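The values are calculated or read from the model by the stated rules, or taken from the named source; none is laboratory data. Predicted model only: the values in this text are computed from it and were never measured. So basically every Cβ, Gly included, is an ideal-geometry build from the backbone, and we count neighbours across all protein chains shown.
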Amino acid sequence: MSDITPINPDTQELQHVSVLLAEAVDLLDVRPGRTYIDATAGAGGHLSEILKRLKEQTNPAVVESTQSAQSQVIGIDRDEDTLSRLRNRLPKEQVQLFHANFTDIKEVAQQAGLSTVNGGILADLGVSSMQIDQPERGFSFNKDGPLDMRMDKSQSLTAWDIVNKWSEEDLANIIFEYGEERYSRSIAKNIIRARPIETTLQLADIVARSVRYSGAARKAQHKRKSKGDGGKNFDSSHPATRTFQAIRIAVNDELGSLKKFLEEAVALLEPDARLVVITFHSLEDRMVKQIFRQMALSCHCPPRQPQCTCDAKADLLIITKKPIVADSAEVLANIRSRSAKLRAGIKIG
Ligand SMILES: C[S@@+](CC[C@H](N)C(=O)[O-])C[C@H]1O[C@@H](n2cnc3c(N)ncnc32)[C@H](O)[C@@H]1O
């Protein structure tokens, strides 16, 4: 990923390329006079697009004569470094930025003077290229750095704690569950043997060797070769990808946060306002799909019950029957987009 990440020629800083930018902001249906929250502000790509569309549609005469066309835009990120970069770039008259976990979106809205959101809420999950490409943040298996992986540096749990303190069973379980890694047991065993592990490259090497030398991996490789594809169809991503993903999810409690965020966000939306979510791996997408489906149900009675007695009502109208994915041009230009899935819904009154 790092070899295709563009570098800003002025600052020499690594840049994050927003994924499904037009599609996500189209689905937010940006209109002047409404409030929008970008719950994962990151490099500000989606935020800037929201601001641009508001500006394009705002008639200066209307704004001057009444305050009715006044829009409010809020950005949230749990990474203070990311936010301070954004504060330098985005004018504070146009966007209010908050350092918070998006699980606290309701409290953030209250601080901004809002009890509901009448425009929409966007979340573009995971980490940014800037975070991955800074070795000192500890997210990268390609560049050496400390085992950190915290999006919010004020939290105490780090990747080092998980790698060096957790039991073999707990490690194997998260690598299997959050990384969907079939060699989780041998990776966990080799991590325990190699302790203490201090850096990302040390960990990546242990994982790569565990995968390469595991009996199951050798058998699978042999099978592919005997099928005659010469290993062509072998997943070419780095062998540590899944383990790093698993540890990162555990450090940042990404799935627990996502569930709480989705519930809080839908509760905060006014009727007709929108929720747009971009995910980057199957665990996140499955959770968004299931929670959206649950919220779209207008009856929670047992399926065989002949008549509804539950008095429930649907909270969300799903407007993406299938998730939207990046087209081949976007994947070619930004490899990170290949695993992105976008789902959106409209709050029902
Ligand atoms: C993929 S980037 C977003 C990029 C952004 N949409 C853009 O176009 O520049 C994800 C960002 O979300 C932040 N993030 C991830 N989980 C979060 C959470 N639970 N609460 C707040 N921010 C979070 C990360 O720190 C990161 O900056």
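Any idea which residue in the range 111-162 is modelled with the lowest pLDDT, counting only those that are of a type in the set (D, E, K, R) and away from the ligand (no atom under 11 Å from the Cβ)? Even if it seems obvious, please write down each step before you answer.
Taking the range 111-162 and keeping what is of a type in the set (D, E, K, R), we get 124, 133, 136-137, 143-144, 148, 150, 152-153, 161.
Right, trim to away from the ligand (no atom under 11 Å from the Cβ) and you get 133, 136, 143-144, 148, 161.
Values: D133: 91, E136: 97, K143: 94, D144: 97, D148: 98, D161: 98.
Restricting to residues being of a type in the set (D, E, K, R) and away from the ligand (no atom under 11 Å from the Cβ), the top hit is D133.
Taking the range 339-349, which residues are out of contact with any strand residue (DSSP E or B) (no Cβ under 7 Å at 6 or more places or on another chain) and in a loop (DSSP other than H, G, I, E, B)? So that I can check it myself, show each step before the final result.
Taking the range 339-349 as the starting set, the residues that turn out to be out of contact with any strand residue (DSSP E or B) (no Cβ under 7 Å at 6 or more places or on another chain) are 339, 349.
If the condition is that a residue be out of contact with any strand residue (DSSP E or B) (no Cβ under 7 Å at 6 or more places or on another chain) and in a loop (DSSP other than H, G, I, E, B), then G349 is the only one that fits.
From the list K106, K52, which residue is farther than 29 Å from S154 by Cβ, part of a helix (DSSP H, G or I), within 26 Å of the chain's Cα centre (by Cα) and at pLDDT 95 or above?
Criteria check complete, one pass: K52.
Tell me which residues, restricted to the range 283-338, are among the charged types (D, E, K, R) and part of a helix (DSSP H, G or I). Walk me through how you get there before you give the answer.
Here is the first cut: in the range 283-338, the ones among the charged types (D, E, K, R) are 284-286, 289, 293, 304, 311, 313, 315, 321-322, 327, 330, 336, 338.
Correct list: E284, D285, R286, K289, R293, E330, R336, R338.
Might you let me know whether the range 84-106 holds any residue that is surrounded by fewer than 22 Cβ atoms within 10 Å (Cβ to Cβ), within 14 Å of E264 (Cα to Cα) and more than 9 Å from the ligand (Cβ to nearest atom)?
Yes, the range 84-106 contains a residue that is surrounded by fewer than 22 Cβ atoms within 10 Å (Cβ to Cβ), within 14 Å of E264 (Cα to Cα) and more than 9 Å from the ligand (Cβ to nearest atom).
If we scan the range 135-152, do we find a residue that is assigned to a helix (DSSP H, G or I), over 19 Å from the mean Cα position of the chain (by Cα) and not polar (S, T, N, Q)?
yes
Would you please name the residue that is surrounded by the fewest Cβ atoms within 10 Å (Cβ to Cβ), looking only at residues in the range 157-175 that are among the hydrophobic types (A, V, I, L, M, F, W, C) and touching a residue at least 60 places away in the same chain (Cβ under 8 Å)?
So the residue we want is L157.
Tell me which residues, restricted to the range 183-195, are outside any helix (DSSP H, G or I) and buried (at least 16 other Cβ atoms within 10 Å of the Cβ). Steps first, answer last, please.
Start the filter on the range 183-195 by keeping residues that are outside any helix (DSSP H, G or I), which leaves 183, 195.
Listed by number, the list holds a single entry, Y183.
Can you tell me which residue is nearest to V108 (Cα to Cα) among those in the range 257-276 that are free of Cβ contacts under 8 Å to residues at least 60 places away in the same chain and charged (D, E, K, R)?
E263
Six or more apart or on different chains, Cβ atoms under 8 Å: show the pairs whose first residue is in the range 299-313 and among the charged types (D, E, K, R) and whose second is surrounded by 11 or more Cβ atoms within 10 Å (Cβ to Cβ).
So the pair list comes out as K313/S298; K313/I348.
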